[in-house]
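S.K.: I'd like to ask you about the structure that follows.
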C-alpha cells in the first residue's frame, strides 16, 4: 500500500470470494495501471450458498467492517476520501453502499462507487438507506445487465447504463436456464474490464427510461457518455447502448440494429408499462 495513491476496492457478490467477479475480470488490468492501490475484499464465509437472507443481513456487517478499515487509513493520513473507489458486483454493490453510509456517520464522503449489476432480490423494494444509492458517494455509476433475475432495473446511480437494454446479453444461452442469467449478470464485470483499455469504448445515448426507449421515444443524439472505467463524474441520467455479440464487446458510437422489443415482443403503451412494472 502506497500512501496517497488512488484506491480501488473490489467487492464480490453472494457465494463469491476474492477470486470471483469482479476480481477475476478487473484485478489483472487494474494492476497494470501505475499509481493505483488495489484491495480485494473477501467475505465469502458470510455469504455461503443457500443462505441468501443471511447474506443480505451480513452485507451490513461487511460494510461496517470495511468502513472501519478504510477509516483507519484516513485517520493515519494514508488515504484521502476522494481517492476511494468502491467497485461492487451484485450483492457487493450494496456492500459498497453500506460502507459509504457508515463512513458518512463520521462526516467522511468517499469519491466514487461503481455498481456492477446491483443485486435485485430483497433490495428492489428497499428504501435508499437499505441499498446502494446515488447519495452514497460523490459519483455513483451503475451497469445493469440482468434486470430479469439478478439485477435491479430501476436507476439508482448518478448515471445508469443499460447495455442491450440490461435484459439479455449475447451468447449466454437459452433464457429458461439459470446459468444463462448468471452469464448476463457477470457480463457487467466483463464489460467494465474491457472498458479500461478499449480504444473505442462503450458509448451510450441518453433516454429517460426503458419505457421511453422501447416505445421509440428517444433516439441516439449528441449526449453520448462512456460506460465503465472512463465514465464521467458529470454524467447524469440513464443511457442505452448495444454491444458486439462477441468480445471485444465495445462498439463505440455505433447504434445500428438496436433491439427495441422486450424479449422479442413489441408491446404498446399501457401493456409495455405493465410488463416493465412486473420486472
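The values are calculated or read from the model by the stated rules, or taken from the named source; none is laboratory data. Note that this is a predicted model, so its numbers are computed, not measured. In this analysis, Cβ positions are derived from the backbone assuming ideal geometry, glycine residues included, and neighbour counts consider all displayed protein chains.
S.K.: When the residues of segment 214-241 are filtered to those that are out of contact with any strand residue (DSSP E or B) (no Cβ under 7 Å at 6 or more places or on another chain) and over 19 Å from residue 116 (Cβ atoms), which remaining residue is modelled with the highest pLDDT? Break it down into steps so the answer makes sense when it comes.
M.R.: Keep residues of segment 214-241 that are out of contact with any strand residue (DSSP E or B) (no Cβ under 7 Å at 6 or more places or on another chain), which gives 215-217, 219, 222, 229-230, 234.
Filter once more, keeping what is over 19 Å from residue 116 (Cβ atoms): 215-217, 219, 222, 234.
Numbers: 215: 91, 216: 90, 217: 92, 219: 91, 222: 81, 234: 98.
Restricting to residues being out of contact with any strand residue (DSSP E or B) (no Cβ under 7 Å at 6 or more places or on another chain) and over 19 Å from residue 116 (Cβ atoms), the top hit is 234.
S.K.: Looking at segment 148-171, I want the residues that are assigned to a helix (DSSP H, G or I) and have a partner that is modelled with pLDDT under 95 and surrounded by 23 or more Cβ atoms within 10 Å (Cβ to Cβ) with Cβ atoms under 7 Å, at least 6 apart or on another chain. Which pairs are those?
M.R.: Pairs that qualify, where the first residue is assigned to a helix (DSSP H, G or I) and the partner is modelled with pLDDT under 95 and surrounded by 23 or more Cβ atoms within 10 Å (Cβ to Cβ), are 165/210.
S.K.: If we scan segment 89-110, do we find a residue that is in contact with a strand residue (DSSP E or B) (Cβ under 7 Å, 6 or more places away or on another chain), surrounded by fewer than 24 Cβ atoms within 10 Å (Cβ to Cβ), within 29 Å of residue 259 (Cβ to Cβ) and at pLDDT 95 or above?
M.R.: no
S.K.: OK, next. Of the residues 98, 139, 123, which is out of contact with any helix residue (DSSP H, G or I) (no Cβ under 7 Å at 6 or more places or on another chain), touching a residue at least 24 places away in the same chain (Cβ under 8 Å) and within 29 Å of residue 79 (Cβ to Cβ)?
M.R.: 139
S.K.: Using the structure shown, decide if residue 175 is surrounded by 23 or more Cβ atoms within 10 Å (Cβ to Cβ) and either out of contact with any strand residue (DSSP E or B) (no Cβ under 7 Å at 6 or more places or on another chain) or more than 14 Å from residue 240 (Cα to Cα) (or both). Show your work before the answer.
M.R.: Working: surrounded by 23 or more Cβ atoms within 10 Å (Cβ to Cβ): no; either out of contact with any strand residue (DSSP E or B) (no Cβ under 7 Å at 6 or more places or on another chain) or more than 14 Å from residue 240 (Cα to Cα) (or both): yes.
Spelling it out, it is not the case that residue 175 is surrounded by 23 or more Cβ atoms within 10 Å (Cβ to Cβ) and either out of contact with any strand residue (DSSP E or B) (no Cβ under 7 Å at 6 or more places or on another chain) or more than 14 Å from residue 240 (Cα to Cα) (or both).
S.K.: Does residue 114 meet the test of being in contact (Cβ under 8 Å) with a residue 60 or more places away in the chain and either in a loop (DSSP other than H, G, I, E, B) or closer than 30 Å to residue 254 by Cβ (or both)?
M.R.: Details: in contact (Cβ under 8 Å) with a residue 60 or more places away in the chain: yes; either in a loop (DSSP other than H, G, I, E, B) or closer than 30 Å to residue 254 by Cβ (or both): yes.
Yes: the conditions hold for residue 114.
S.K.: How many of the residues in segment 199-220 are more than 21 Å from residue 157 (Cβ to Cβ) and either under 21 Å from the mean Cα position of the chain (by Cα) or loosely packed, with under 15 Cβ neighbours inside 10 Å (or both)?
M.R.: 5
S.K.: Also, quick follow-up: Filter segment 82-111 down to the residues that are within 27 Å of residue 25 (Cβ to Cβ) and in a loop (DSSP other than H, G, I, E, B), then identify the one that is nearest to the chain's Cα centre (by Cα).
M.R.: 90
S.K.: Does residue 68 count as modelled with pLDDT of 95 or more, buried (at least 19 other Cβ atoms within 10 Å of the Cβ) and either more than 18 Å from the chain's Cα centre (by Cα) or not in a helix (DSSP H, G or I) (or both)?
M.R.: No; evaluated as a whole, the condition is false for this residue.
S.K.: Also, quick follow-up: Sort through 10, 30, 79, 26 and tell me the only one that's part of a strand (DSSP E or B) and in contact (Cβ under 8 Å) with a residue 40 or more places away in the chain.
M.R.: After applying the criteria, what remains is 10.
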